[in-house]
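Below: one structure, written as structure tokens.
The values are calculated or read from the model by the stated rules, or taken from the named source; none is laboratory data. Since we're looking at a predicted model, the values are computed, not measured. Quick reminder, even Gly has a Cβ in these numbers, built from the backbone with ideal geometry, and neighbours come from all protein chains shown.
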Amino acid sequence: MTASPLLSRPGAVQEEDGSVAVHYGDPLREQRVLAEGAGLVDRSDRDVLVVPGADRLSWLHSITSQHFERMTDGAGSEALVLSPNGHVEHHLVVAELAGTTWADVEPGTGPALLGYLERMRFMLRVEPQLVTDAWAVLSVVGPEAPGVVAAAGLAAPEREYAVEPSGPGFVRRMPPVGDGGAAVLDVLVPRAELAATADRLFAAGARPTGSSAYEALRVEARRPRFGVDSDHRTIPNELEWLTTAVHLEKGCYRGQETVARVHNLGRPPRRLVLLHLDGISEDLPAPGADVLAGTRTVGRVGTVVRHHELGVVALALVKQSVAPDTALTVAGSSAAMDPDDAPSGLDDTRAAARDRVRAVRSATIG
């Protein structure tokens with residue numbers, strides 16, 4: 001993908017093998033901007049698709065995990081495409097507006113998703129298209145984000161997933177990141193207007209913040225990314241996507257049997273947790289690295305970040321059998337599960353997990 005024009009801003013450091021800024025000179029300060037103020041995050045590397053056509057909602061309803069038949073104009077959601085065995089193949093963030101369904105997805109995954117949609121068209125009145133070259137996503141993030149968006153002359157939806165038209169594009173409100181106080185407003189704009197729209201938002205009070213700052217707050221909020229915090233075995237029940245991207249009462253769709261069976265049993269094979277790492281190594285573990293309990297592999301890490309308050313933390317999928325106070329290692333670093341991820345009612349285990357986290361973090365300080 002062509003490099004973003006925002007990389008020309010002072011201090012911009014380009015993501016390795018990416019097209020947007022990973023930071024603008026001070027990643028930890030940029031995290032505080034998102035946690036306390038309002039920052040503009042360039043997410044123009046995401047792929048964007050549109051699905052116009054009279055049959056689009058009933059069609060998407062039949063091939064994804066979400067209840068599209070009830071989706072009204074100005075509504076948004078998340079949705080999944082699953083394999084016949086219930087494994088997650090695609091994650092979509094969706095907006096329905098003026099007779100077209102929009103979807104933005106992880107960078108590089110758009111062509112494969114379009115290929116799947118094309119195969120499922122049959123004779124229906126739908127025209128899925130990949131429009132990444134023409135459209136781009138920016139995100140204004142932070143407690144002050146709604147005010148900044150409004151000051152820039154753009155609509156600022158109040159409800160999560162609500163969508164407001166704004167010029168030729170729209171603004172969509174997503175669930176908050178960080179500790180819950182950082183609002184996320186996604187702004188979809190024509191790619192030709194990316195730089196001009198960013199300038200309007202900067203003039204309204206947003207500050208440039210790189211992808212690493214956004215990722216840190218996303219990890220803190222335990223919001224997974226497809227292909228990073230998920231793998232080929234991931235089912236929705238293991239992640240928050242069961243509540244944000246799956247409608248448990250809708251009719252048949254591919255993979256539904258697995259989702260329903262695991263939901264009824266109430267015990268998916270793995271669960272997503274926040275891990276605290278000792279941070280002694282300068283090199284962070286790569287996504288997919290094993291989580292070990294002794295010599296036994298009990299999970300995999302996804303996104304690993306340096307958080308401005310928590311230190312080195314990671315999202316990880318671990319087996320249900322792993323107790324919250326288990327001593328863990330990842331790529332040679334000591335790791336401990338966050339006590340907030342202990343099942344409710346296990347006060348003793350939660351206290352032991354809290355002690356283990358303190359021990360891991362003290363190793364970093366020492």
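Observations on the model:
- Among (1) more than 20 Å from the chain's Cα centre (by Cα); (2) buried (at least 21 other Cβ atoms within 10 Å of the Cβ); (3) within 20 Å of residue 149 (Cβ to Cβ) - the single one residue 97 does not satisfy: (2)
- Scope segment 6-43; condition under 30 Å from residue 98 (Cβ atoms) and either without any contact (Cβ under 8 Å) to a residue 24 or more places away in the chain or out of contact with any Leu (no Cβ under 6 Å at 6 or more places or on another chain) (or both); matching residues: 6, 19, 20, 38, 39, 41, 43
- Per-region count, segment 1-56, residues charged (D, E, K, R) and either assigned to a loop (DSSP other than H, G, I, E, B) or over 29 Å from residue 147 (Cβ atoms) (or both): 11
- Listed by position, the helices (runs of 4 or more DSSP H) inside segment 180-269 whose residues that are more than 20 Å from residue 77 (Cα to Cα) and not basic (Lys, Arg) number at least 1 are 194-203, 211-220, 256-265.
- Test: residue 17 is among the acidic types (Asp, Glu) and at positive phi: yes
- When we screen 127, 106 for residues that are surrounded by fewer than 17 Cβ atoms within 10 Å (Cβ to Cβ) and of a type in the set (Asp, Glu), the only hit is 127.
- Within segment 108-131, residues that are in the same structural domain as residue 53 (by TED's automatic domain parsing) reach partners that are exposed (fewer than 14 other Cβ atoms within 10 Å of the Cβ) and outside any helix (DSSP H, G or I) with beta carbons closer than 7 Å, at six or more positions or on different chains, in the pairs 125/54.
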